[in-house]
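Asker: Before I ask anything, let me first share the structure, which is written out below as structure tokens.
Derivation of every value follows stated rules applied to the coordinates shown; laboratory data play no part. Just so you know, these numbers come straight off a predicted model, no measurement behind them.
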């Protein structure tokens, strides 16, 4: 665990690059020898470049996709169940005090879709181990979450073609 008070970073906005930015933060931390936990709340089981690369950091990086895929795919009740379980897993991993950096990728969607409450996230931020750095990503961050974070960046969409399929190495 790093010394001192950990920072909480929020990466939000409608532009592409929130997860990519969080991956860059993880890569930087891994380069410093930190222990990193990277948890994805929406992305499902499909194989991504980040999942493939994570295998090379066994022992230093825990990388898990905990979601059932995008919320518009499948039964809402199943998304709610899996989302609650994923948040409980994240809470457990954070409170273990084993990591220097924990990334909660796409966590804001769980608040937006009322799978968890903003208050649950604010409590987790407040109760996390003192030296733990935390990164949260996702669109539509709530006002309370924005206020609770030390660093907040908004990624703005300027141009992104909607009719282009996801590309290997770019979107996944």
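Asker: Add -39500 (n - 2.57) for each DSSP H run of 4 or more in the chain, then divide by its residues: what number comes out at 222 nm, to the nearest 500 deg cm²/dmol?
Answerer: -10500 deg cm²/dmol
Asker: Can I ask one more? Where is the GNM fluctuation largest for the chain (alpha-carbon springs, 10 angstrom cutoff): 58, 47, 108?
Answerer: Of 58, 47, 108, the Gaussian network model singles out 58 as fluctuating most.
Asker: Normalised by the residues of the chain, what does the relative contact order come to in percent, with Cα pairs under 8 Å and at least six apart?
Answerer: For the chain, the relative contact order is 39 percent.
Asker: When you take every Cα atom in the chain, what is the radius of gyration, and what is Dmax, the widest Cα pair distance, in Å?
Answerer: Cα radius of gyration and Dmax of the chain are 15.3, 46 Å respectively.
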